[in-house]
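The structure appears right after this line, and notes come after that.
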Amino acid sequence: MAQKIGKKYEAAAKKVETRPYPLEEAIPLLQKIKFAKFDETVEVHMRLGVDPKHADQMVRGTVVMPNGLGKSKKVLVIAGADRQKEAQDAGADIVGGEEIVNRIQAESWTDFDAVIATPDMMRSVGKLGKVLGPRGLMPNPKTGTVTTDVAKAIKEIKAGKVEFRVDKTGIIHSPVGKLSFASDKLIENASSLINAVLRAKPAAAKGKYVKTATVCSTMSPGVSLDVTALNAVKV
């Protein structure tokens, strides 16, 4: 059964031309066609010319949004006893050791937005792959979430650090802020993400790297971005 399209969505969609927009036009347009009564999240979606089934074409990384995300993330730290007070003092929302691992295993509990683990806990945390992996919550040294410097990791996440990773269809989805942000702040955040994805281009990627790119908010129609300009960016 086809999903019914609301009148407000339809009216918003009519204001979006079927052409690629530069980011500097796309963001203000999104803010202009807003119709939801809550502060929507703005997201960037990029379809890349890579095959994620091949390890040498995997695209992943992190970027700290210069203007935050408009929402403080709930951070869980799984650490040895010697690091737990440091994590609490640095602002972690939940701190624990083996008991946290056991709870996640037993209850598939994921009432948090990010997980940081100290290296000594990874033998235990490794058991949580089936629960945390599909939700993009598994700690990883490459993204700075397996570390002895838990205070720094917490600070970055709270400041708006975003982890991006291409999914199995070759698409990256990432939040870049709230619709209530000033346009220039959203443009700066979106540019930071896009540039980070461009810098993460694997050497094995052939042909056009960014195939399509769209910016949208939670309830809005998508606005296509000019990928010719994106592919021409030197980073």
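Couple of notes before you dig in:
- Residues being among the basic types (Lys, Arg) and not in a helix (DSSP H, G or I) - total across the range 17-33: 1
- All strands (runs of 3 or more DSSP E) inside the range 111-204 with 3 or more residues being farther than 27 Å from Pro22 by Cβ: 114-117
- Only a single criterion out of (1) in contact with a helix residue (DSSP H, G or I) (Cβ under 7 Å, 6 or more places away or on another chain); (2) open to solvent by less than 70 Å² (accessible area, probe 1.4 Å); (3) at pLDDT below 95 is not satisfied by Leu186, namely (3).
- The listed residues are Ile171, Ile194, Ile157, and the only one of them that is surrounded by fewer than 18 Cβ atoms within 10 Å (Cβ to Cβ) and not aromatic (Phe, Trp, Tyr) turns out to be Ile171.
- The selection criterion, being of a type in the set (S, T, N, Q) and over 25 Å from Val215 (Cβ atoms), holds for Thr145.
- Filtered by the rule that a residue be open to solvent by 70 Å² or more (accessible area, probe 1.4 Å) and either β-branched (Val, Ile, Thr) or in contact (Cβ under 8 Å) with a residue 40 or more places away in the chain (or both), the range 113-151 gives Asp120, Lys142, Thr148.
- Residues of the range 205-234 classified as assigned to a strand (DSSP E or B), open to solvent by less than 30 Å² (accessible area, probe 1.4 Å) and either without any contact (Cβ under 8 Å) to a residue 40 or more places away in the chain or closer than 21 Å to Asp51 by Cβ (or both), total: 2
- Residue, least open to solvent (accessible area, probe 1.4 Å), within the range 26-60, restricted to residues that are in contact with an Asp or Glu (Cβ under 9 Å, 6 or more places away or on another chain) and charged (D, E, K, R): Arg60
The values are calculated or read from the model by the stated rules, or taken from the named source; none is laboratory data. Since we're looking at a predicted model, the values are computed, not measured. Cβ atoms come from the backbone with ideal geometry, glycine included; neighbour counts cover every protein chain shown. Surface areas here come from the heavy atoms of the whole protein model, side chains and all, with no ligands, DNA or RNA. Shrake-Rupley method; radii C 1.70, N 1.55, O 1.52, S 1.80 Å.
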